[in-house]
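The values are calculated or read from the model by the stated rules, or taken from the named source; none is laboratory data. It should be emphasised that the depicted structure is a prediction, and the values quoted were computed from it without experimental measurement.
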Amino acid sequence: MVALVNARHSTATAEVAGRIGKVFAVVITAILDWNDARITRKSLNRLTDRELDDIGLLRGDIDVVARQR
């Protein structure tokens with residue numbers, strides 16, 4: 001009986017740990033995506049209008065392009 005209770009407890013603990021791990025992975029992915037967009041936006045904002053035109057962008061396109069990464 002004790003072994004059965006311990007097995008159930010271990011399974012429940014593993015399930016909770018798995019869920020926490022998934023949430024953590026989602027949060028880390030969101031942070032990394034946000035940082036990539038921030039770096040892209042910053043880099044594109046440093047370009048002149050002429051340089052942006054050379055790569056087919058307008059200054060108003062920067063936020064859209066940064067979010068697509």
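Here is a check on your reading of the model: is Val5 assigned to a helix (DSSP H, G or I) and at pLDDT 95 or above? First the steps, then the outcome.
Numbers: assigned to a helix (DSSP H, G or I): yes; at pLDDT 95 or above: no.
No, not satisfied.
Could you tell me which numbered condition Gly56 fails, if it satisfies all but one of (1) on the phi > 0 side of the Ramachandran plot; (2) not in a loop (DSSP other than H, G, I, E, B); (3) not aliphatic (A, V, I, L, M)?
Here Gly56 clears every test but (2).
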